[in-house]
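Below: one structure, written as structure tokens.
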Amino acid sequence: MKISARELVQVTGGILSGDPSLTVTGIITDSRSSGAGNGVLFIALRGPNHDGHVFIDSLYSRGVRLFLVDTLPSGSSAMTGAGFVKVSDTLVALQKLALWHRNDFNGRVIAVTGSAGKTVVKEWLAFVMSTAASVIRSPRSYNSQVGVPLSLMNIGDQHEVAIIEAGISKPGEMQGLAEMIRPDTVIITNIGDAHGENFRGREAIAAEKLILARGAGMIVCSADNAIILKEAAAQNLPAALYTWSLSGAPASLTAEICRSETSGQCLRCTTADGTFEALIPFADRASAENALSVISCCLAEGM
């Protein structure tokens, strides 16, 4: 990423105070970041228990010169060589910046969502797909309203595939994530009761998750979870379905646990093209389901 102070104003709709010639090649939102220094944009986010604005002085002393803020610090006029882009909401501005950066990426974007298993599937999928392509993935569990834009900002010109994890905890959150990620393929790991206290049942959770797939070309999901299939049909999504089943339901890929190994289990997988076996180093059913999400996505992507 490379963006000038002037471009940052255009992207975020902010107002610039200070040096208009500044250019940055990276961003941070954590004042403790070891990457703080010249050429870095600090985005001062506010949260229930923190305010990034209080760290501006210390970051300036460490070499940071461009700041995205909602309030100018009292001593900004004395900070020689610094620039401040003032916006009404720094989180919204971060998300606009992430969308601007995402729109410059011409590779494949795969989004992973679901009630459980998102991070595992994202990590396994990145590991497998990196054998054939240059892959960038969301770090750790960066799947929130802050984590998703930070993940998108990591995409570089050298990458061919971006795997982005998306998580929600209440209705209305997925729309903003979907607009930023703009995935080509969406994996839905499962629909469970996570954050169920904020939704009117699993159908509402599935409907919210599927917002992510409204512009996608492919949805990878389990045929054993009828709620996902029902909600996808109800929304009349244009995306094709690549489904998997571990319980004998009709699917693009059907699987059975054919034997247990000392270090895991073997899955016998059958598609229209034939049968193959996959050995995974975990013996529980949840790991088998996660593995089938990864295998199905790879097949759907032509691997």
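The values are calculated or read from the model by the stated rules, or taken from the named source; none is laboratory data. Quick caveat: nothing in here was measured; it's all calculated off a predicted structure. Reconstructed Cβ throughout: ideal geometry from the backbone, glycine too, with neighbour counts over all protein chains shown. Side chains included, ligands, DNA and RNA excluded: accessible areas come from the protein's heavy atoms. Shrake-Rupley method; radii C 1.70, N 1.55, O 1.52, S 1.80 Å.
Numbers for the structure displayed
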| read-out | value |
| --- | --- |
| q = 0.13, 0.16, 0.29 Å⁻¹, region 54-111: log10 I(q)/I(0) [Debye, one scatterer per Cα] | -0.46, -0.62, -1.20 |
| Dipole in debye (nearest 20) - the chain, about Cα centre, beta carbon charges: Lys, Arg +1; Asp, Glu -1 | 460 |
| Accessible surface of region 49-96, 1.4 Å probe, proportion on carbon and sulfur as whole % | 53 |
| Most positive-pole-ward Cα, Leu72, Gly14, His53, against dipole of the chain from beta carbon charges | Leu72 |
| 28 Å Cα-Cα reach of Lys2 towards lysines, excluding residues that sit fewer than 8 places from it in its own chain | Lys86, Lys96, Lys122 |
| Net +/- balance of residues flanking Ala206 in space, Cβ distance below 9 Å, scoring K and R +1, D and E -1 | 0 |
| Neighbourhood net charge (15 Å Cβ-Cβ; Lys/Arg +1, Asp/Glu -1) for Gly248 | -1 |
| Zero-based 10 Å bins, Cα pair distances in the chain, whole percents | 6, 26, 29, 20, 12, 6, 1, 0 |
| Square roots of 5 times each gyration tensor eigenvalue, C-alpha, region 183-271, largest first, Å | 26, 17, 11 |
| Residue-by-residue Karplus 3J(HN,Hα) for region 58-75, coefficients 6.51, -1.76, 1.60, Hz, glycine and proline x | 5, 6, 4, 5, 9, x, 5, 10, 10, 10, 9, 9, 9, 9, 5, x, 4, x |
| Residue (of Val121, Gly217, Asn143) at the positive-pole extreme of the chain, dipole from beta-carbon charges | Asn143 |
| Kirkwood Rh (inverse of mean 1/r, distinct Cα pairs), region 15-137, angstrom | 16.5 |
| Region 221-293: projected area of the alpha-carbon convex hull, averaged over directions, in nm² | 5.0 |
| Alpha-carbon Rg/Rh ratio, for region 110-209, with Rh computed the Kirkwood way | 0.97 |
| Spin-label zone in region 1-33 - amide nitrogen under 15 Å from a point set 7 Å from the Cα of Arg62 along the C-beta vector | 26-33 |
| Hydrodynamic radius by Kirkwood, which averages 1/r over all alpha carbon pairs of region 1-86, in angstrom | 12.6 |
| Order by protection proxy (mean Cβ within 10 Å, highest first), peptides 269-275, 77-83, 132-138 | 132-138, 77-83, 269-275 |
| Separation in nanometres of the label points that stand 7 Å from Cα toward Cβ, at Ser247 and Thr23 | 5.7 |
| C-alpha center-to-center spacing [region 232-290, region 37-78] in angstrom | 48 |
| Computed [θ] at 222 nm, helices only, for the chain once each DSSP H run of length n ≥ 4 contributes -39500 (n - 2.57) | -8500 deg cm²/dmol |
| The chain: antiparallel DSSP beta bridges as a percent of all, rounded to 5 | 40 |
| Ordering of 223-236, 290-303 by packing [mean C-beta count within 10 Å, highest first] | 290-303, 223-236 |
| Kirkwood Rh and Cα Rg combined as Rg/Rh, region 153-303 | 0.98 |
